[in-house]
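Worksheet: one structure, shown below.
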Number of protein chains: 2
Amino acid sequence: MVQKSKPPAAANQPERRGEPERRGEPKRRGRPRAYEPDIALGKALDLFRKQGFAATSLDDLSAATGMNRPSLYGAFGDKRELYIKSYQRYREEAGASMVEIFRQEMPLRQRLERIYASALDIYLSGDTGPRGCFTVVTAASEAVGDPEIRAMVLDGLTGLDKAFASCFRRAKEKGELPESADPFALAQIASATIHTIAIRSRARVPRKELEAIVKGAIDVMVGVEV
Amino acid sequence: MVQKSKPPAAANQPERRGEPERRGEPKRRGRPRAYEPDIALGKALDLFRKQGFAATSLDDLSAATGMNRPSLYGAFGDKRELYIKSYQRYREEAGASMVEIFRQEMPLRQRLERIYASALDIYLSGDTGPRGCFTVVTAASEAVGDPEIRAMVLDGLTGLDKAFASCFRRAKEKGELPESADPFALAQIASATIHTIAIRSRARVPRKELEAIVKGAIDVMVGVEV
DNA sequence: CGATTTTTGTACCATCTCGCAAAATAATCC
DNA sequence: GGATTATTTTGCGAGATGGTACAAAAATCG
């Protein structure tokens, strides 16, 4: 029940002991933690993505994070709070790789290809099976009943819509799309394509097929002529 | 704990007592059932759609169906089997309304409009909140871990793809689409649109917005010019 | 060193979980 | 009517579940 049996001896923590711990916490007072909250949250996220909220027990989480129940509770709150924090972490991670692609300068087609390739990497990763999109999974399960979670999911969905919309708007300005193109409608199709590969990845549709779907959708979106 | 307090006195069962019960079962031998398997399965489906597999307990199912646990077990098997039977029921129901639309003769645009309207009806129904698409919900949750369920989900996904593809193929033959149109790629977009509204409906996106998404997607698919 | 503070580990609780066995009940068959 | 058959009902039991109390452990502070 330890994350790294030995007490943290500056093994692979980014910064520790010597520098003041990030935001002016000169020294922690009591018994040191046996876990690294960040990596524990990552493990929890992995589990939640694989099994969903309801099917994941505190024992599972305890085993995966290497923290025992009370520590889990103290660090993240109850199971629901941990789920929420896990989702936020997911958004940060997934968002970061997307933002990178949205920022760089490149032709529309290439940008879309990279976005979907990155999405597929995320959805198909996982040693025990594809983990899909956590936003989609959460939408399908907890979002209906839990207003706070629903709000986060909605934020995720509309965030993607907006990113795609601005992407198509830019492309239109650069003359990559005809004057008649509707960036908003295209963005919805782009998002829908994300959602469909997220769903299908969970049904273990092989990457080749997902890539074919993506290719077809891109062709339509950039107007290879339907 | 009864479905209809009084023993079945030919109240609303489709066919009973008089006619031989469907497939030559002249008379049931022992104590008569206090429940109607069909309506019980419907109730179970409702619950599963609302809460998902893991979050639905046998007690929930027992209360909803009006059958006590052992009866449930005897009629449908364990929870997983009941889930599978519920899913099959869902597919029958949802499929039926779709097939109807796919069969009738009408212009492509109108056909698509009707399909999506019907889908929205299904996804947004439910007294306690939108229930979404059971195929999508199941894909997001149980499909990864359970091969049998996954196979059913895959069947549902590809079934929709094929229906849409044949729909576009027909439209192309009738000259409603340009010669360059790719029915398969269009079908993927049509399915993706189904999936995106299924996801969003679970996040309680209002119907108006979903209809706007559908309209935009249809415009692109029938080639209003992107 | 002893006091303080923070975290850990064990153990526990009340509740719920699924599945099943045994007994009661209600119909048909002879 | 009695035997047979099928279903309902009650209730159990072994185990899992989410959450918490409490004492021991491990660090810093004075």
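Where a number appears in this text, it was derived from the coordinates with a stated rule and is not lab data. Since the model is a prediction, treat every value here as computed from it, not as a measurement. Positions of Cβ are generated from backbone atoms using ideal geometry, with glycine treated the same way; all protein chains shown enter the neighbour counts.
Just check the range B:115-223 against the gyration tensor rule for me: Cα atoms, a ≥ b ≥ c as the square roots of the eigenvalues, rounded for a/c under 1.5, and otherwise prolate or oblate depending on whether a/b exceeds b/c.
Details: a/c = 2.74, a/b = 1.35, b/c = 2.03.
Judged from the Cα gyration tensor, the range B:115-223 comes out oblate (a/c at least 1.5, b/c at or above a/b).
Averaged over B:111-124, how many beta carbons belonging to a partner chain fall within 10 Å of each residue's beta carbon?
The per-residue average across the peptide is 0.
If each of B:SER57 and B:SER97 carries a label point 7 Å out from its Cα toward its Cβ, how far apart are those two points in nm?
3.2
For the protein assembly as shown, what class follows from the C-alpha gyration tensor (a ≥ b ≥ c being the square roots of its eigenvalues): rounded when a/c is under 1.5, otherwise prolate if a/b is larger than b/c, else oblate?
Since a/c reaches 1.5 but b/c is at least a/b, the shape of the protein assembly as shown is classed as oblate.
Specify the inter-centroid distance of the range B:165-187 and the range A:91-140, based on alpha-carbon positions, in whole Å.
Result: 30 Å between the Cα centres.
Where does the charge balance sit around A:PRO183 when Lys and Arg score +1, Asp and Glu -1, over other residues with C-beta under 11 Å from its C-beta?
+1
For a quick protection proxy, order the peptides B:42-52, A:149-159, A:196-206 by their average other-Cβ count within 10 Å, most packed first. Walk me through the numbers on the way to the answer.
Details: B:42-52: 21.4, A:149-159: 18.8, A:196-206: 25.4.
Final packing ranking: A:196-206, B:42-52, A:149-159.
Within a 10 angstrom radius of each residue's Cβ in A:55-63, how many Cβ atoms of other chains show up on average? Whole number is fine.
1
Take the residue pairs A:LYS79/B:LYS215; A:LYS50/A:LYS162; A:LYS50/A:LYS172; A:LYS50/B:LYS50; A:LYS50/B:LYS79; A:LYS215/B:LYS215 and return only those whose Cα atoms are more than 31 Å apart.
A:LYS79/B:LYS215; A:LYS50/A:LYS172
Can you tell me, using C-alpha contacts under 8 Å and at least 6 residues apart, the relative contact order of chain A as a whole percent?
In percent, rounded to a whole number, it is 17.
Pull up the cross-link candidates among the aspartates and glutamates for A:LYS27, meaning alpha carbon to alpha carbon under 20 Å and not fewer than 8 places away within one chain.
Cross-link targets: A:GLU15, A:GLU19, A:GLU36, A:ASP38.
Order by neighbour count: B:ASP60, A:ASP59, fewest other Cβ atoms within 10 Å first, most last.
By the 10 Å Cβ count, ascending, the order reads A:ASP59, B:ASP60.
Spin-label point model (7 Å from Cα, Cβ direction): what's the A:ASN68 to B:ARG31 distance in nm?
If labels sit at A:ASN68 and B:ARG31, their model points lie 4.9 nm apart.
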